[in-house]
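Written below as C-alpha cells is the structure these notes are about.
The values are calculated or read from the model by the stated rules, or taken from the named source; none is laboratory data. Just so it is clear, the model here is predicted, and its values are computed rather than measured. Because the Cβ atoms are built from the backbone with ideal geometry, glycine has one as well, and the counts that use them run over all protein chains shown.
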Amino acid sequence: MPSAEVIAVELGRPHGGHSNVIALESMTKADFCPLSSSQAEWFSRRRTLEIGGRKLWFAIPEAVTLHKLRFYREGGSEKHLRDIRGMLAVSGDEIDCPLLNRAAISLGLEDPGRTAQAK
C-alpha cells in the first residue's frame, strides 16, 4: 500500500493522480486512479465484476485509456502507450471508440488508437 504522503501527492494532481498495489504472492498489480471532480462521469460508467465471491468495481477501459494518455502527455513514458495498446488488443470490440475519441478530443488529448500505434 502506498504511503499517506504518496497518496496525498497523487490526489493533489489536477487530473486525479495514480498509485498501485502489488500482491506479492501472485504478483498481481492493481492501479488506483483517483478521479478529479471533472471525471465524475467515468465513475458512473464503472463495471462490476465478482471475484472470490465479492463484487468489485472497475474502471471501464475508455477511462483508463484517457488516464494513461494524460500521463503519457505529462511524462512521455512509453509504458503508458504499451498499456493502451494492450487494452485495445484485449478489449477490442468492447471499447466504445466514438466515446473514447470524443472524450480525448474534449480533453485536448490525441486520438488514443493512433497515438498508441504510431509510437
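Side notes on the structure shown:
- Pick from the stretch 56-79, criterion among the hydroxyl-bearing types (Ser, Thr, Tyr) and farther than 15 Å from Val90 by Cβ, ranking: surrounded by the most Cβ atoms within 10 Å (Cβ to Cβ): Tyr72
- Within the stretch 1-48, the set of residues being surrounded by 10 or more Cβ atoms within 10 Å (Cβ to Cβ), hydroxyl-bearing (Ser, Thr, Tyr) and either at pLDDT 80 or above or more than 20 Å from Ala103 (Cα to Cα) (or both) comprises just one member, Ser19.
- In the stretch 82-103, the residues that are surrounded by fewer than 16 Cβ atoms within 10 Å (Cβ to Cβ) and either touching a residue at least 12 places away in the same chain (Cβ under 8 Å) or of a type in the set (D, E, K, R) (or both): Arg82, Ser91, Asp93, Glu94, Asp96, Cys97, Leu99, Arg102
- With respect to the conditions (1) farther than 14 Å from Leu109 by Cβ; (2) surrounded by 11 or more Cβ atoms within 10 Å (Cβ to Cβ); (3) hydrophobic (A, V, I, L, M, F, W, C), Ile51 lacks only one, and its number is (2).
- When restricted to residues that are at pLDDT below 85 and β-branched (Val, Ile, Thr), the stretch 65-85 contains 0.
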